1. One residue is enough: does the stretch 147-164 have a residue meeting the conditions within 15 Å of the chain's Cα centre (by Cα), farther than 22 Å from LYS42 by Cβ and not in a loop (DSSP other than H, G, I, E, B)?
2. Taking the stretch 190-214 only, how many residues are surrounded by 15 or more Cβ atoms within 10 Å (Cβ to Cβ), in contact with a helix residue (DSSP H, G or I) (Cβ under 6 Å, 6 or more places away or on another chain) and not small (Gly, Ala, Ser)?
3. Return the pairs, sorted by first residue and then second, in which the second residue is among the acidic types (Asp, Glu) and surrounded by fewer than 24 Cβ atoms within 10 Å (Cβ to Cβ), the first residue lies in the stretch 153-167 and is closer than 23 Å to TYR33 by Cα, the beta carbons are less than 7 Å apart, and the residues are 6+ apart or on different chains.
4. Whether any residue in the stretch 173-181 is more than 18 Å from VAL47 (Cβ to Cβ), without any contact (Cβ under 8 Å) to a residue 40 or more places away in the chain, assigned to a loop (DSSP other than H, G, I, E, B) and not β-branched (Val, Ile, Thr) is what I want to check.
5. Could you check how many residues of the stretch 179-189 are over 11 Å from CYS150 (Cβ atoms) and either crowded, with 20+ Cβ neighbours inside 10 Å or in contact with a Lys or Arg (Cβ under 8 Å, 6 or more places away or on another chain) (or both)?
6. Evaluate the following for SER135: is it among the small types (Gly, Ala, Ser), under 30 Å from ASN177 (Cβ atoms) and assigned to a loop (DSSP other than H, G, I, E, B)?
7. Return the only residue of THR211, THR193 being among the β-branched types (Val, Ile, Thr), part of a loop (DSSP other than H, G, I, E, B) and either in contact with a strand residue (DSSP E or B) (Cβ under 7 Å, 6 or more places away or on another chain) or farther than 17 Å from TRP71 by Cα (or both).
Amino acid sequence: MLAYVSMKKSVIAIVLSLSSVALMSAENPVILYVGDSHSYGKLGGTVEKNLSGVSSKVVMHASCGATPNTWLGTLKYEKTVCGYWMKEGETEVRLKEHQTPKFKDELARLRPDVTIIQLGTNIAASSKPQNAQASIEVMMKAVSTEGSKCIWVGPPDANSKVVTRAKVIEVNKMISNLASKNGCEYIDSLKLTKFPANNSEGIHYPPNLSTEWGVKVSAEVLKIIKTYQ
């Protein structure tokens, strides 16, 4: 009987210890963020600044031209030649050319509590955006397998000949449906942005509007993270 009581106390102690670890993690969550050229710009810096207010363990990666396949390392163009940014603690790297890290390697290295994926514009640049469905699901399932909470930031409004608003709407709907299917929270950037009519580039936002988008995305992300704690 005494042995049983002792064993029961040990089990309770282990459970309480694990709960304590989970609580500590929730109070200072490890956050992994991966994105494309939008995050290389003011969007990424704005989100990083706001996330750092709730966590000292924020790791940011942005790779210009990235799609899910780029981050999964399944295509030959994993190396970006138009801009890479990484920030982890006091370490920050900003280069024109850099090998895009493997998403699954970063998940394994960091064991993040929260994983944020900001991708979609380069999917919309494809002639057949629906071909990206499988790679999107692979990323979402990888987050789930790691035990991390998944947040996907969808593509913003656009107005170029390649990334048309119609294609962005198509991609937005596709990723939203996949997020719902795979237990990933979805932030609809179409509701947060409006591409300026006087900007002929059609895809990338000027610094002030990119920052404004970042403030809105940060608010949505922080609201979601709060529900995890």
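Rule-based calculations on the coordinates, nothing more; no lab input. Bear in mind that the values here come from a model prediction, so they are computed numbers and not experimental data. Using ideal geometry, Cβ is built from the backbone for each residue, glycine included, and neighbour counts are taken over all protein chains shown.
1. yes
2. So the count comes out to 5.
3. Close Cβ pairs satisfying both conditions: GLY154/ASP188.
4. no
5. Step one: filter the stretch 179-189 for residues over 11 Å from CYS150 (Cβ atoms), giving 180-181, 187-189.
From what is left, the residues that are either crowded, with 20+ Cβ neighbours inside 10 Å or in contact with a Lys or Arg (Cβ under 8 Å, 6 or more places away or on another chain) (or both) are 187, 189.
Summing the residues that are over 11 Å from CYS150 (Cβ atoms) and either crowded, with 20+ Cβ neighbours inside 10 Å or in contact with a Lys or Arg (Cβ under 8 Å, 6 or more places away or on another chain) (or both) in the stretch 179-189 gives 2.
6. Values: among the small types (Gly, Ala, Ser): yes; under 30 Å from ASN177 (Cβ atoms): yes; assigned to a loop (DSSP other than H, G, I, E, B): no.
No.
7. On the way: THR211 fails: part of a loop (DSSP other than H, G, I, E, B).
Checking each option against the conditions leaves just THR193.
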